[in-house]
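The values are calculated or read from the model by the stated rules, or taken from the named source; none is laboratory data. This structure is a prediction, so every number in the text was calculated from the model and none was measured. Here the Cβ is made from the backbone with ideal geometry for all residues, glycine too, and neighbour counts use every protein chain on show. Each accessible area value is taken on the protein alone, full model and side chains, heavy atoms only, with ligands, DNA and RNA left out. Shrake-Rupley method; radii C 1.70, N 1.55, O 1.52, S 1.80 Å.
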Amino acid sequence: MQGVCAFVGLDVHKETISVAVADAGRAGEVRHVGTIMNEPAAIGKFARSLARRHGVIEFVYEAGSCGYNVQRQLSAMGMICRVCAPSLTPRKPGDRIKNDRRDAIALARLHRAGELSYVWVPDALHEALRDLIRARHAAGQDVRRDRIRIQSFMLRCDLRFEGKAWSRRHRMWLCNRTFAHPAQQIAFQTYLNALEHNEARKAGIEQQIREVITDSPWAKQMQALQALKGVGPIVAATVLAEVGDFSRFAHPRQLVAYFGLAPGEHSSGGTARPRGITKAGSSIARAVLCEAAWSYRTTPKVGQWMKERCPPVSQDIAALAWKAQLRLHKTYRKLTARGKRSVVATAAVARELLGFIWSIGQRVPLGV
């Protein structure tokens with residue numbers, strides 16, 4: 001931050017932006033300079049006036065529902081604008097007064113002191129892929145909710161199916177149920193119709209994800225990641241949507257921490273207390289990684305399904321995927337033999353799986 005004359009904190013809202021400026025230097029003045037409309041014309045005019053007054057300036061605001069439009073506009077104007085993580089912004093425990101003016105001043109002061117944690121800003125294509133992945137997750141949540149609603153309805157009516165739930169036989173059995181009162185029959189049919197609609201919506205989004213990835217810079221990386229057992233097109237696309245570019249992470253430990261799979265700790269003095277995973281970052285990506293890790297409980301092999309469905313990859317990627325099978329299966333067996341619960345063992349396997357994903361991402365650069 002050398003050479004910066006002023007640090008500008010922006011408290012961005014739907015209609016307005018509250019602006020504060022901190023002069024460079026430890027004893028520099030921090031002041032609130034006003035509120036502007038959250039419109040491109042107003043933002044551009046105000047940014048140019050600040051640049052004429054102070055010289056080199058840096059902007060910062062917290063990530064939120066307004067997205068990255070302000071950052072992209074200021075960057076296009078040749079100015080430096082960072083986006084910080086609101087959950088990691090330092091706050092005084094006893095501070096009971098919060099308003100836009102105070103928030104903007106705090107951002108400017110903390111930015112000058114270097115106390116903020118900045119997030120990586122994706123480009124427009126990356127953000128669009130991330131939105132599509134989250135739309136698929138929302139559709140999956142709707143499907144699960146519809147299934148729970150149907151199962152609860154059947155249990156309340158004391159109708160039980162002996163067999164595998166949501167198999168073809170189970171679905172035919174559901175379609176053939178009749179109820180004494182017509183109102184119940186109509187209610188049950190609406191539940192079935194909603195389930196079919198949301199399942200079709202989820203399948204359609206998954207097909208769109210495959211098509212978008214195929215014509216994107218991540219096509220080669222997605223093809224290579226599918227060599228790993230348990231990693232299909234959706235898992236690979238979800239990981240790529242959250243990571244963007246693997247070169248951002250110099251070591252796999254950084255990627256593990258980014259996904260919230262690093263073990264936590266609560267220690268003091270000579271007492272060390274390990275805790276569960278930190279659960280930082282995207283819960284969607286963490287969930288699909290644990291689903292992929294669950295497949296490593298079975299004996300390592302490259303069966304018919306993988307032979308037929310996995311896209312062709314280079315020999316070194318195939319060797320790395322086989323090494324992952326051997327190591328991750330051993331890890332799962334070792335942890336369960338020590339009495340660890342399956343969910344704990346699966347999280348540990350997902351953490352190691354991320355290391356192999358990072359290695360593939362380094363061997364297959366973005367856009368190659």
In the stretch 86-100, which residues are of a type outside the set (D, E, K, R) and part of a loop (DSSP other than H, G, I, E, B)? Thr89, Pro90, Pro93, Gly94, Ile97, Asn99
In the list Ala183, Ala194, which residue meets the criterion of being closer than 30 Å to Ile133 by Cα and among the small types (Gly, Ala, Ser)? Ala194
Taking Ser295 as the residue in question, decide whether it is touching a Gly at 6+ places or on another chain (Cβ under 6 Å) and surrounded by 13 or more Cβ atoms within 10 Å (Cβ to Cβ). yes
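Condition test on Arg169, is it farther than 30 Å from Pro312 by Cβ, open to solvent by 40 Å² or more (accessible area, probe 1.4 Å) and assigned to a helix (DSSP H, G or I)?
When the stated conditions are applied, Arg169 passes them.
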Looking at (1) crowded, with 17+ Cβ neighbours inside 10 Å; (2) β-branched (Val, Ile, Thr); (3) without any contact (Cβ under 8 Å) to a residue 40 or more places away in the chain, can you tell me which one Ile97 breaks? (1)
Provide a single number: the residues in the stretch 296-327 that are charged (D, E, K, R), over 15 Å from Leu225 (Cβ atoms), in a helix (DSSP H, G or I) and over 28 Å from the mean Cα position of the chain (by Cα). 2
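When the stretch 293-321 is examined, which residues are found to be among the acidic types (Asp, Glu) and modelled with pLDDT under 90?
Within the stretch 293-321, Glu308 is the sole residue that qualifies.
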Scanning the stretch 129-141 residue by residue, those touching a residue at least 60 places away in the same chain (Cβ under 8 Å) and either surrounded by fewer than 18 Cβ atoms within 10 Å (Cβ to Cβ) or under 29 Å from Ala165 (Cα atoms) (or both) turn out to be Leu132, Ile133, Arg134, Ala135, Arg136, His137, Ala139, Gly140
Search result, residues across the stretch 335-352 that are under 20 Å from Leu289 (Cα atoms), part of a helix (DSSP H, G or I) and over 26 Å from the mean Cα position of the chain (by Cα): Leu335, Thr336
If you check Val70, Val121, Val83, Val60, which single one turns out to be assigned to a loop (DSSP other than H, G, I, E, B) and buried (at least 16 other Cβ atoms within 10 Å of the Cβ)? Val121
Taking into account only those residues within the stretch 1-38 that are acidic (Asp, Glu) and surrounded by 15 or more Cβ atoms within 10 Å (Cβ to Cβ), which is nearest to Ala104 (Cα to Cα)? Asp11
Filter the stretch 145-180 for residues that are aromatic (Phe, Trp, Tyr) and more than 31 Å from the chain's Cα centre (by Cα); which is nearest to Ala135 (Cα to Cα)? Phe153
Within the stretch 280-295, restricting attention to residues that are over 9 Å from the mean Cα position of the chain (by Cα) and free of Cβ contacts under 8 Å to residues at least 60 places away in the same chain, which residue is nearest to Lys229 (Cα to Cα)? Val288
Consider Arg48 carefully, then state whether it is assigned to a helix (DSSP H, G or I) and farther than 16 Å from Val83 by Cα. yes
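Yes/no matrix, rows are residues, columns are (1) in contact with a helix residue (DSSP H, G or I) (Cβ under 6 Å, 6 or more places away or on another chain); (2) assigned to a loop (DSSP other than H, G, I, E, B); (3) surrounded by fewer than 14 Cβ atoms within 10 Å (Cβ to Cβ):
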| residue | (1), (2), (3) |
| --- | --- |
| Ile148 | no, no, yes |
| Ser152 | no, no, yes |
| Phe161 | yes, yes, no |
| Leu174 | no, no, no |
| Arg177 | no, yes, no |
| Ala180 | no, yes, yes |
Out of (1) surrounded by 15 or more Cβ atoms within 10 Å (Cβ to Cβ); (2) touching a helix residue (DSSP H, G or I) at 6+ places or on another chain (Cβ under 8 Å), the one Cys310 does not meet is (2)
Odd one out for Lys92, checked against (1) within 21 Å of Arg26 (Cβ to Cβ); (2) surrounded by 15 or more Cβ atoms within 10 Å (Cβ to Cβ); (3) not aromatic (Phe, Trp, Tyr): (2)
If you scan the stretch 313-340, which residues turn out to be open to solvent by less than 60 Å² (accessible area, probe 1.4 Å), in contact (Cβ under 8 Å) with a residue 12 or more places away in the chain and of a type outside the set (S, T, N, Q)? Val313, Ile317, Ala318, Leu320, Ala321, Ala324, Leu328, His329, Tyr332, Leu335
